[in-house]
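Participant: Just passing along the structure, written as structure tokens.
Derivation of every value follows stated rules applied to the coordinates shown; laboratory data play no part. Every value quoted in this text rests on a predicted model; they were computed, and no experiment measured them. Using ideal geometry, Cβ is built from the backbone for each residue, glycine included, and neighbour counts are taken over all protein chains shown.
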Amino acid sequence: MDLQCINTIDCKQGAVRAVRFNVDGSYCLTCGSDKKIKLWNPYRGLMLKIYGGHGNEVLDAAGSNDNSQIISGSADKSVITWDVSTGAPLRRLRGHASGITCVKYNEESSVGISGSLDNTVMIWDLKSRRQEPVQILNQAKDCINSIQVTDHEILTGSVDCSIRRYDIRNRKLHSDFIGAPIMSVNYTSDGQCIVVGSSDDTVRLIDKNTGEMLGEYLGHKTEDLNVESALLASDNHILSGSVTGELWCWDLVSGKVVKRFEHTIKKVLNSVSTHPVKDVVLTASVNTIKLWEVSEIKEDS
Amino acid sequence: MDDYEEEKFNFFGKPLEQYDEDEIPKKKPIFVEDQIATDSNGRRRFHGAFTGGFSAGFFNTVGSAGGWQPTEFKSSRSEKSVSTIRTAEDYMDEEDIGEFGIAPQVIKATKDFNTSKKRKKKVFSDGPIPGVPVLHMLIDNSTETIGYLLLRNIGFKHEGTEISKQQRVYGSTSAKAYEMRPSIRNSTYKLPEIYEEALKIHKNNTFGIGYKGLDRGYASLKLSQKNFVVKNVKNKNMTIGGQAFGVGAFEDEDDDIYGREDIESYDFEMHTEKQQEQIRVTGRVLFDSFILSSNYLAVNEIFPVPTIPRSFSGKHKVRKSRFAPIQDESSKEEPKKTRRCDIDATTRAEALGEKAPENSGTSSKSEDIKPEIKEKKEDVAPWLVFDKFVSAGQSDEHTDPMVPAEKSSSVYGTEHQREAAKLKMFGDFTRTTEDWLPHTFLCKRFNVPEPAHWENVELKTPVRKRNLIFQNEKEVDETGRVQSSGLQNNPDFKVPHENQSLKTIDSKEQSTKNDESKEGDIGDSTPLMEVEIPTIDITEKIDVSKNKDLFKAIFFSDDEDEDTVETKVESESRVSEQEKLPSPPPTSDSKMEEMKEAILAKDIFLPKIKPLKQGILSDIPFIKFTKPGTVPTQPEPEVIEEVPQQQPDDNLYGPKLPEKIVNRVENLMESKSDDVWVERKEEKTKKEKHKKHKKEKHKKKHKHKR
């Protein structure tokens, strides 16, 4: 398995804090330390729109399911929803006591979920004009670093070394102690396993229902930095960023390192985003993003 | 004759010079309305209907030189609006700023080169520490007292100074209580001239010496009203008149209708200067200008402090009237004030609800308190650290990105969890599951069925309430069953069905749900259920003794004696199921029928919640269980049938069944129909009487009560 870098884009945003595909993978969003969000066509390298309005660095963004809205969270403690075409901020949701690290839409994009450094996850109703969150999840004892949402679950990863899965259907909260501060959480495509990236230089594959560890992926270095991990759509490989600027790729089943791909040497590769359907990956490091596509391994003759 | 005419005229004065009419141009008389005001450049001033004040407009133009065109307020994200501070100078033109304007620009010397002799007040900046800086006050000239400085400021000249600059003493200002040098005290001061006049008048205000204040209204008749400045220059009164405001150049001032006449304006004397000088000063002169006044100031009357009688204690004694005796204070006790040393450490520990510290007797009190506090802290600290509140290692708003964030030292997870994680044994050890309640709104958005109640989703076992409905119905069932055997079919009432259903309910009920009426046959209800009991005629003799309260409710009459009722109660409480009925008085059949109907109409089947006076288990004959066969037999004067006493069967659960039921059931089962029928006939008459009697008794009873 090999990843080819198809495109490199200099975002000119200062440092790119997060890069995200939209719901169908045709566009991508970059969140910059210049307090702006940029909408790109990564395949062509075209910048489509800039969204400005945050008071501090933008740390995460997400696109709605109909591509009409963008939700973003910033270090200025506010969550903003934007209209994609006009670029105007629609709602500014204030409630968090500290900067927001991650935001996600639910499946219908009627609810926005934000996790923050104030140890809480707040659920916002985006259809009504309500200014307060619908619900606040404050079971975590330390900052929330990552959130994933499915049709009936909310998964949060926190610095307090636990991932918490809020099952709305069954009204249960399952918390799994991982042992190290968690940087990112991802579901596998079948929804049965969770990929957990933590700051002890380990990525783990955890079974959702039992909490057992199914796989461990080592080799990269994360140190203290918030380095994201992801899963290719085909569910065969696990990806992770690293402090050394390399994109690490492991085989999911065996746990062996397949390959390492360089983005920027010695500069941390902090954000990884995978295409929802295809085997396409976006990585962000310092001020550039790279678009990678899986190409067949050339067999050495 | 010219000479003759010239000689007769006397000429006085100097004749005017002859002038040529053509040479000198004639000046046209300029009328008032033609006189216009122009400025230095010849431009018209005072435009339009000008009646005074400042001239408006920029030489009758608007919107030139950027001064009068209102600027549009514009503020956008890229260009934020600039807040401009506007001064009066923006609205003035050259004429105003010029020499004769209202704000003439003058060239002055700067502060450093200002040679004015005025002592300027030192302004101390109001920083965090306001007022005079302490350092300034540390070292000061002590001989220059405040009085000295004031007088010097006025203009006093020190005569005969012995203090020279060399002798200036410097010391800290704190030393106030120093003796004044005799040289200072004795030296005389010369009063400047300007204060002489002012000091002649007795001063009864707190203004400065010679202060006059603002003019008291420019409407007074005196000329001084219009004077802008009155100056005395070498005894010549020079007045500068004029008005800087109000009236135009060509108009006369209107009469001031708002001015108030001042009587002082009429107070003047006509005297010569010589007379002025004759005002002499008699008496002793102090400071060259002060003399002892003839009027003495009113002496401030000092009232001494009232003497407090000895009996006064300072405590308010409440009395109903003035003449009432004073309440004795000794009877009232002051709230007991526990002094600190009175309480022992052990008592304190008890009061706080903590364990008493050891060695309370020997160690001092303070030591006792400390370990208590320490314990408390230790108990409290762990959850504080690990729950919500963590001491901030770094401030939230650190703006310098180059400062590396300090690593947090908090440890999460329980000991077991951490161990398990180290050993990579994830799963049971690391997983914890709790109940979590999503908000109903969240459920809506996620298309998930909502919980019934936001609060009550806790897994509670439903509280078992006493089903009083069934309880009462069971009573009815009992009554029905009493007359179970050999009763007429009554198609009107679908009693059997109900009885059946009631019986099924009964079987579920616990035996604890007993009440006064004997429902002891719960345990036996199951076997009874299977028996096909024919339709029961409810109009038949209802066992009143069983449903005493029910009948009380229905027939709330006082015909019955209390005693009889009481005896019944006693009998009920005993084990025996048999009735002990005194002979009922004979009553008519019609009344009986009435009563029957009344009973029916009253809907026995409606639930009536009975207040139980006795306990639930009071009617259970526990004796039966312990000692079978010890049922006390009572005389039954009107027993319907001679029922042989039966030994209570050990297999039967519950208190003994009423004999009749047992018999009847048995009879039914044995299909002794003939016998049964016979018995029933007998019963009927007797039971009717019996029933009537009972009802009357009940009625009587109620009457008594009233």
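Participant: Arranged by the count of other C-beta atoms within 10 angstrom, fewest first, what order do A:SER74, A:SER33, A:SER295 take? Each step should come with its number before you reach the end.
Facilitator: Values: A:SER74 26, A:SER33 17, A:SER295 12.
Fewest to most other Cβ atoms nearby, the residues stand as A:SER295, A:SER33, A:SER74.
Participant: FRET efficiency for B:PHE323 and B:GLU301, Cβ-Cβ distance as r, R0 = 30 Å, nearest 0.05? Don't skip to the answer; put the middle values down first.
Facilitator: Numbers: r = 35 Å, r/R0 = 1.18.
Approximately 0.25, to the nearest 0.05.
Participant: Based on the mean of other beta carbon atoms within 10 Å per residue, what is the order of A:239-247, A:145-153, most packed first?
Facilitator: Values: A:239-247: 23.6, A:145-153: 19.7.
In decreasing order of mean packing, A:239-247, A:145-153 become A:239-247, A:145-153.
Participant: Could you list, in their original order, any pairs among A:LYS36/B:LYS74; A:LYS221/B:LYS422; A:LYS12/A:LYS49; A:LYS267/B:LYS422; A:LYS49/A:LYS77 whose Cα atoms are separated by more than 21 Å?
Facilitator: Working: A:LYS36/B:LYS74 25 Å; A:LYS221/B:LYS422 19 Å; A:LYS12/A:LYS49 13 Å; A:LYS267/B:LYS422 30 Å; A:LYS49/A:LYS77 23 Å.
Violating the 21 Å Cα-Cα cut-off are A:LYS36/B:LYS74; A:LYS267/B:LYS422; A:LYS49/A:LYS77.
Participant: Between B:SER311 and A:THR86, what is the label-to-label distance in nm when each label sits 7 Å out along the Cα-to-Cβ direction?
Facilitator: That separation, rounded to one decimal, is 9.0 nm.
Participant: Hey, another quick one. Using 1/(1 + (r/R0)^6) with R0 = 45 angstrom and r between the beta carbons of B:ASN10 and B:ILE30, what's the FRET efficiency to the nearest 0.05? Display every interim value, and only then the final one.
Facilitator: Details: r = 39 Å, r/R0 = 0.88.
Efficiency, from the Cβ-Cβ distance: 0.70.
Participant: Taking every residue in A:266-272, how many Cβ atoms of other protein chains lie within 10 Å of its Cβ, on average? Before the final figure, lay out the partial values.
Facilitator: Numbers: counts 0, 0, 0, 0, 0, 0, 0.
The mean count of partner-chain Cβ atoms within 10 Å per residue comes to 0.
Participant: Measure off 7 Å from each Cα along the Cα-to-Cβ vector at B:VAL82 and A:ILE265, then give the distance between these two points in nanometres to one decimal.
Facilitator: 5.1 nm
Participant: Going by how many other Cβ atoms sit within 10 Å of their own, how do B:TYR19, A:TYR43, A:TYR27 line up, fewest first?
Facilitator: Details: B:TYR19 8, A:TYR43 15, A:TYR27 20.
In increasing order of surrounding Cβ atoms, one gets B:TYR19, A:TYR43, A:TYR27.
Participant: Moving on to the next point. Computed on alpha carbon atoms, what radius of gyration and Dmax characterise the stretch A:3-294, expressed in Å?
Facilitator: 17.3, 50
Participant: Here are some pairs, A:LYS35/A:LYS141; A:LYS38/A:LYS172; A:LYS38/A:LYS278; A:LYS104/A:LYS278; A:LYS266/A:LYS290; A:LYS208/B:LYS444; which of them have Cα atoms lying more than 26 Å apart in this structure? Each step should come with its number before you reach the end.
Facilitator: Details: A:LYS35/A:LYS141 28 Å; A:LYS38/A:LYS172 38 Å; A:LYS38/A:LYS278 22 Å; A:LYS104/A:LYS278 21 Å; A:LYS266/A:LYS290 16 Å; A:LYS208/B:LYS444 24 Å.
Listed pairs above 26 Å: A:LYS35/A:LYS141; A:LYS38/A:LYS172.
Participant: Roughly how many nanometres apart are two label points built 7 Å out from the Cα toward the Cβ at B:MET425 and A:GLN131?
Facilitator: That separation, rounded to one decimal, is 5.3 nm.
Participant: Further question: Take A:ARG17, B:ARG431 and order them by how many other Cβ atoms sit within 10 Å, fewest up front. Intermediate values should be presented prior to the final figure.
Facilitator: Numbers: A:ARG17 23, B:ARG431 20.
Going from least to most buried by this count: B:ARG431, A:ARG17.
Participant: Between B:GLU434 and A:ASN41, what FRET efficiency follows from the Cβ-Cβ distance if R0 is 35 Å, with the result rounded to 0.05? Intermediate results must be reported in sequence, preceding the final value.
Facilitator: Details: r = 45 Å, r/R0 = 1.27.
Between B:GLU434 and A:ASN41 the formula returns 0.20.
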